[in-house]
Amino acid sequence: MLRLKRLAVLSLVAFGAITASAFWLIGATGAGTSGAGNRAGQPAPPQSAGKFVPLANGSQHAVNITRTVDPGWLARTAAQTGIPDRALRAYVAGAGMANAAVPGCRIGWNTVAAVGFVESAHGALGGGRLTTSGKVTRPIVGPGLNGDGFAAIADTDGGSLDGDTLWDRAVGPMQFIPSTWKLAGKDANGDGVADPHNIDDAALSAAGYLCAGGRDLTTAQGWSDAIWSYNQSEAYLSQVGGKAVEYAEQAGPTK
């Protein structure tokens with residue numbers, strides 16, 4: 001992993017906007033291998049569970065993840081947290097699907113949501129919003145990673161995701177760089193395309209990435225290592241942790 005420099009911010013709102021330039025990498029050795037295990041973990045926030053509508057066959061996860069979250073729970077929790085319901089659906093379902101794939105991870109939707117807030121204000125960065133299909137109305141593309149204040153990462157996608165054929169740029173509501181998306185990107189909504197500009201795909205991919213390496217996100221070390229792997233910054237760790245705690249407290253117990 002490369003250590004990524006983050007711009008200073010004056011407030012949480014400004015932080016949520018500026019952090020479209022929060023870039024994260026996955027190395028050839030996999031997630032969480034940049035010394036994260038050698039640093040002390042901060043206390044893990046509570047990991048909140050969402051409420052799903054059981055399907056007829058007993059499964060709680062449909063192909064299209066946006067249709068599985070209990071609508072009453074979703075409306076209440078969106079109102080309590082201030083998270084747009086379209087983004088919240090993706091965070092809850094993404095965490096649920098990641099836990100179904102890796103039961104030992106135990107990631108909460110509030111951790112995924114906290115990352116989404118810090119990275120793009122839940123897809124609202126630059127005045128955009130999420131459509132009913134989960135796409136951002138305005139592409140969220142960070143500055144070119146040309147070594148000026150950030151890591152230098154030459155183009156890896158021919159500009160297909162970020163529109164830049166010279167340097168890579170972080171893209172989408174969860175701010176993936178193209179090389180990471182190629183390795184970690186998942187198709188969550190069943191449309192046959194893994195799209196970093198779609199909140200369903202991006203949220204599931206982020207949850208899966210955070211769960212990599214056998215991490216248990218209910219432990220201090222596991223949670224800290226997961227967030228550190230996303231962005232190696234103490235300030236980032238603190239901001240995501242604080243927001244995850246806030247969302248858990250606002251939402252309260254799942255009923």
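The values are calculated or read from the model by the stated rules, or taken from the named source; none is laboratory data. Keep in mind it's a predicted model, so treat the numbers as computed, not measured. Cβ placement follows ideal geometry from the backbone for every residue including glycine, while neighbour counts extend to all protein chains displayed. Keep in mind that these areas ignore ligands, DNA and RNA; they rest on the heavy atoms of the full protein, side chains included. Shrake-Rupley method; radii C 1.70, N 1.55, O 1.52, S 1.80 Å.
Points worth noting:
- Computed over segment 101-255, the alpha-carbon pair-distance distribution with 5 angstrom bins reads 2, 9, 17, 21, 22, 16, 9, 3, 1, 0, each value a whole percent.
- Amide hydrogen neighbours beyond the local backbone of Trp167, cut-off 5 Å, H modeled: Asp155
- Long-range HN-HN contacts of Lys135 with modeled amide H, under 5 Å: Ile199
- Across segment 87-175 the C-alpha pair distances fall into 5 Å bins from zero in the proportions 3, 14, 18, 18, 17, 16, 11, 3, 0 percent.
- Positive-end ranking of Val118, Ala79, Gly147 along the dipole of segment 71-169, with charges on Cβ about the Cα centre, is headed by Ala79.
- Accessible area of segment 132-252 divided out per residue, in Å², using a probe of 1.4 angstrom: 36
- Relative contact order (percent, whole number), segment 165-255, Cα cutoff 8 Å, 6+ residue spacing: 16
- Residues Ala79 and Arg138, FRET efficiency given R0 of 22 Å [Cβ-Cβ distance, rounded to 0.05]: 0.30
- Between Asn146 and Arg129, the modelled label-to-label distance comes to 3.4 nm, taking each label 7 Å out from Cα in the direction of the beta carbon.
- Computed from phi, the 3J(HN,Hα) profile of segment 163-170 under the Karplus parametrisation 6.51, -1.76, 1.60 (θ = phi - 60°) reads x, 10, 9, 9, 10, 6, 9, 6 Hz, with x in place of Gly and Pro.
- 13 Å beta-carbon shell around Thr111, net charge (K/R +1, D/E -1): -1
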